[in-house]
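To start, the structure under review is shown below, and the notes come after it.
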Amino acid sequence: MGGFFAAALKEDCVFDLFFGTDYHSHLGTRRAGMVVFGKDGMNRAIHNIENSPFRTKFGSEVNEMHGNLGIGCISDYEPQPLIVRSHHGTYAITTVGRINNKDELTDKVMARRGVHFQEMSSGEINATELVAALINEKDNLIEGIRYAQEVIDGSMTFLLLTHQGVYCARDRLGRTPLVIGRKEEGYCASFESFAYLNIGYRDYRELGPGEICLMTPEGVHVLVDPGRKMRICTFLWVYYGYPASSYEGVSVEAMRCRCGHNLARRDQLTREHIDNVAGVPDSGTAHAVGYANESGVPFSRPFIKYTPTWPRSFMPTIQTKRDLIAKMKLIPVHELIDGRRLLLIDDSIVRGTQLRETTEFLYRSGAKEVHVRPACPPILFGCKYIGFSRSTSDMELIGRRVIQELEGGAVDRAVLDDYANPDSDRYHQMLERMREQMNFTSLRFNRLDDLIDSVGIGRERLCTYCWDGKE
């Protein structure tokens, strides 16, 4: 995953580019970069941000880089933006998405003589470099952009900087967002809609699925009209999105509050059953507020997230390190835990490790009961469109491991569909086994129909693959 920002102004854009990109720091922790185009051509800076935030690493570039066109990104994996020289001229490119058929496409491109790729330290090909190579297969940029989106299995939204302006291309099915902001001096393009508000822009419009535009200081010119079919990722509202953001006109914070409301309405727990409702910081908080407001059970913060040195939600790529830091971030407030019957809401359960440790931590701190209500259904299929989880196999998902235990081995799709059905016996057996393994007092997941109702967008326009396996 990752995020990006672009600016096209009648004046120098570096200040806006710096802060607009920085506002995407919650989406990645590995690499970050900026490219600007000015009178001296392209100027690029890329830094590792694993141990320092974006502003610390790029602070000097604000005074050293100059230009009126620019793109920037926060990446959770590959270094970018990249500067590419081709028959299209020199351009810079940054991407957000996932390529499932990377090896196949790489082999196809390399079949042409003279084409080669640089390997990253992991030994893999930089996905953004591959996208550029696909674009270069065609005679012009528009054909190249459309070709890349058509042949990629997965999703791909990207920004492409040229001397003419910034080409903005949203994924063919709109799985990730791309929104345009406007002010008197020009325009910006952003993954997150809130990223430009404090630097003087106002909402202009969102690009539709597959839409391609050229953004210049004078305007935004549509080059390819949006498609009719959309499958935007529902997990953006559940977890990924920053609370102040919105997608397709739906506020992240408001959606999460409605989600908690629906959880409570379905649950019907009262103060006779639980003493307090709490959310796992940060993404579980609004869900918990919605639950508390609907149920009448007081909201509390029995642990506080330590943010001065760990301000971002993402963590190291090594799972053992992630688990340790997740534990270190949460500081207990014993007065709000000791002897209490707590209902705890987290955005989701993926592997289950962190939430199990959080529950044990609450018991050690004196909690009498810990009831758990994830804000989304059990995740049974690893994401193959934006890669929100670092799972390399579906069997890393606790839901799939429990299913394998219950069935005594691998299962076919029909059986998985039955486990995904919240009204089936198998579904309830799965939840009970998960509850036992994670030592919860009780466990109930949000239903998919209630989750979709919380978003307020038709199910046919939402991607729900990670929960029901439907593409």
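The values are calculated or read from the model by the stated rules, or taken from the named source; none is laboratory data. This structure is a prediction, so every number in the text was calculated from the model and none was measured. Cβ placement follows ideal geometry from the backbone for every residue including glycine, while neighbour counts extend to all protein chains displayed.
Points worth noting:
- Test result for Leu263, in contact with a His (Cβ under 9 Å, 6 or more places away or on another chain), under 28 Å from Thr464 (Cβ atoms) and modelled with pLDDT under 95: no
- Only one of the numbered conditions (1) within 17 Å of Pro81 (Cβ to Cβ); (2) in a loop (DSSP other than H, G, I, E, B) is not met by Gly97, and that is (2).
- Taken over the range 158-185, the criterion of being outside any loop (DSSP other than H, G, I, E, B) and either touching a helix residue (DSSP H, G or I) at 6+ places or on another chain (Cβ under 9 Å) or surrounded by fewer than 24 Cβ atoms within 10 Å (Cβ to Cβ) (or both) is satisfied by Phe158, Leu160, Tyr167, Ala169, Val179, Ile180, Gly181, Arg182, Lys183.
- Here the condition is being within 20 Å of the chain's Cα centre (by Cα) and not charged (D, E, K, R); of Ile83, Ile49, it holds for Ile49 alone.
- Some residue of the range 425-435 being charged (D, E, K, R) and exposed (fewer than 15 other Cβ atoms within 10 Å of the Cβ): yes
- Selection from the range 274-291 of residues that are of a type outside the set (Val, Ile, Thr) and either buried (at least 23 other Cβ atoms within 10 Å of the Cβ) or modelled with pLDDT under 95 (or both): Ala278, Gly279, Pro281, Asp282, Ser283, Gly284, Ala286, His287, Ala288, Gly290, Tyr291
- Those strands (runs of 3 or more DSSP E) lying entirely in the range 211-298 with at least 2 residues in the same structural domain as Arg170 (by TED's automatic domain parsing): 212-216, 219-224
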